[in-house]
Amino acid sequence: MLKFIIKHTKTLPIPFSRRLISMSIEFLRAIFRNYILNTSSSRGPLFITWMVTFDCNAFCVFCSTHSQKKKFTADLSREKAIATAHEIGKSKVKIVGFTGGEVLLWPYLFDVIKILKSYNIAVYLVTNGHLLKEKADEILENRVDSITVSIDSCNSEEHDSLRNLPGLFKTAIEGIQYLKKKRHGKYPIIKSTTVLTQQNIHTISQTIEYLSRIVDHTSIQPISFGYENHPHSKNTHSMKSLLFDNAEYHSTQSYIDQLCDQFPQFNTSYFRNIPAFIFNPITLQKKIKCWSPFFRLIIMPDGEVFHCIASPAMSSLGNINKSSFMQIWNGSQIRQQRDCIRKHQNNCLCWTQDVSFNALMYSLKLPNKLPTFNKSDMLP
């Protein structure tokens, strides 16, 4: 069992460690409190995804962060961001991941990280890497645990074309190499993630082979679209050239099989099921449950809080400008959404890295057979 968990945690934002063993214990407690009983808890979620800004210096073909900026126009003040970091720390959250937008553009990033680290919270950043070298000293000074850099091809021109920022590949690689040289020991762990598209799948093994020589861990995720309050909210028409045609199923399956055989870390249910997600997601939707509301919350740039920003059915749970963090985590809204998902009535599916734990939970089998109490018709 331990070997199984270690193998599957390669898809998660932080590496396996003693901290992860401690988190695994809390993971089991969260299943009991939040899934089986669906009741209030004295501690917060295991994970926080903090989407701190929709500002970005890139204009990725498959990303709608600049459109989301128009939707979520307000930003948290420094004072509120600092207060929220303390709330998160006191609620005993284990991991906070910062994403966006481009997180290294957010002016309060390292002020907030410094507070989170004082509570011994693991922190990871997701970045396009353009400012990585410039911010490396602050990353090291504030003891960031893990950095995920988006690299979509080993070909600089292809990568820069997908990201619509000339020179990005060069600056990202330089930033990775500089950070590796400057770090003491193995932290921060440096990871790459590659968005898999029809355009780059033909060279995905070469890209992973190249990145394996540069970063500590490599990963991929399939291109996504149509998510409600998410940078992946673009429609299919606007990025038609990147999407897979049904006639490409067998070749796509072959590329993924080759990748999983060549690189053992990809031989997990999350990666093996990427073709199913691309070509026949309904098969996964029927059998794989969402575990998001039992383990994590998402904070938006304006303070709105969700457990899911992919499905329009999963509305806001509250706003940290109006309610405390723990009031939102224990509120009736999230308990009702948990119950909807426990009954498998959510009718949605996402396959991004931050929810790869869904595939892990499916692989474990047992959690899918657990009893549930406190149904929605019993909730206050």
- Task: May I ask you to say which residue of Gly185, Gly167, Gly226 is open to solvent by 10 Å² or more (accessible area, probe 1.4 Å), at positive phi and modelled with pLDDT of 95 or more?
- Result: Gly167
- Note on the structure: Result of the Cβ filter at 8 Å on the range 169-190, keeping first residues that are basic (Lys, Arg) and partners that are open to solvent by 70 Å² or more (accessible area, probe 1.4 Å), at least 6 apart or interchain, is Lys182/Asp137
- Query: Within the range 113-139, which residues are in contact (Cβ under 8 Å) with a residue 40 or more places away in the chain and farther than 28 Å from Leu165 by Cα?
  - Reply: Ala122
- Query: In the range 248-299, how many residues are of a type in the set (D, E, K, R) and more than 19 Å from the chain's Cα centre (by Cα)?
  - Reply: 5
- With respect to Ile88, determine if the residue is within 30 Å of Ile25 (Cβ to Cβ), open to solvent by less than 20 Å² (accessible area, probe 1.4 Å) and not in a helix (DSSP H, G or I). no
- Within the range 91-113, track down each residue that is surrounded by fewer than 20 Cβ atoms within 10 Å (Cβ to Cβ) and in a helix (DSSP H, G or I). Leu105, Phe110, Asp111
- Item | Odd one out for Leu76 among (1) farther than 20 Å from Val144 by Cα; (2) of a type outside the set (Ser, Thr, Tyr); (3) crowded, with 23+ Cβ neighbours inside 10 Å; (4) under 20 Å from the mean Cα position of the chain (by Cα) | (4)
- Mind checking which residues of the range 233-263 are open to solvent by 70 Å² or more (accessible area, probe 1.4 Å), touching a residue at least 12 places away in the same chain (Cβ under 8 Å) and part of a helix (DSSP H, G or I)? Ser241, Asn246, Tyr249, Gln258, Gln262
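A quick yes/no check of all residues on (1) touching a His at 6+ places or on another chain (Cβ under 7 Å); (2) closer than 21 Å to Lys191 by Cβ; (3) modelled with pLDDT under 85:
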| residue | (1), (2), (3) |
| --- | --- |
| Leu2 | no, no, yes |
| Ile5 | no, yes, yes |
| Ile14 | no, yes, yes |
| Ser17 | no, yes, yes |
| Leu20 | no, yes, yes |
| Ser24 | no, yes, yes |
| Arg33 | no, no, no |
| Leu37 | no, no, no |
| Ser42 | no, no, no |
- Message: Looking at the range 340-361, I want the residues that are under 10 Å from Lys286 (Cα atoms) and have a partner that is part of a helix (DSSP H, G or I) with Cβ atoms under 6 Å, at least 6 apart or on another chain. Which pairs are those?
- Response: Leu349/Pro281; Leu349/Leu284; Leu349/Gln285
- Hey, Ser192 polar (S, T, N, Q), modelled with pLDDT of 95 or more, surrounded by 19 or more Cβ atoms within 10 Å (Cβ to Cβ) and not in a loop (DSSP other than H, G, I, E, B) or not: yes
- Considering each of Leu140, Leu116 in turn, give the residue that is outside any loop (DSSP other than H, G, I, E, B), surrounded by fewer than 22 Cβ atoms within 10 Å (Cβ to Cβ) and either modelled with pLDDT under 95 or not acidic (Asp, Glu) (or both). Leu140
- Query: Could you list, in sequence order, the residues of the range 276-295 that are touching a residue at least 12 places away in the same chain (Cβ under 8 Å), open to solvent by 10 Å² or more (accessible area, probe 1.4 Å), of a type outside the set (A, V, I, L, M) and not in a loop (DSSP other than H, G, I, E, B)?
  - Reply: Phe277, Phe279, Pro281, Gln285, Lys287
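The values are calculated or read from the model by the stated rules, or taken from the named source; none is laboratory data. Computed from a predicted structure; not experimentally measured. Cβ atoms come from the backbone with ideal geometry, glycine included; neighbour counts cover every protein chain shown. Note: areas computed on protein heavy atoms with side chains; ligands, DNA, RNA excluded. Shrake-Rupley method; radii C 1.70, N 1.55, O 1.52, S 1.80 Å.
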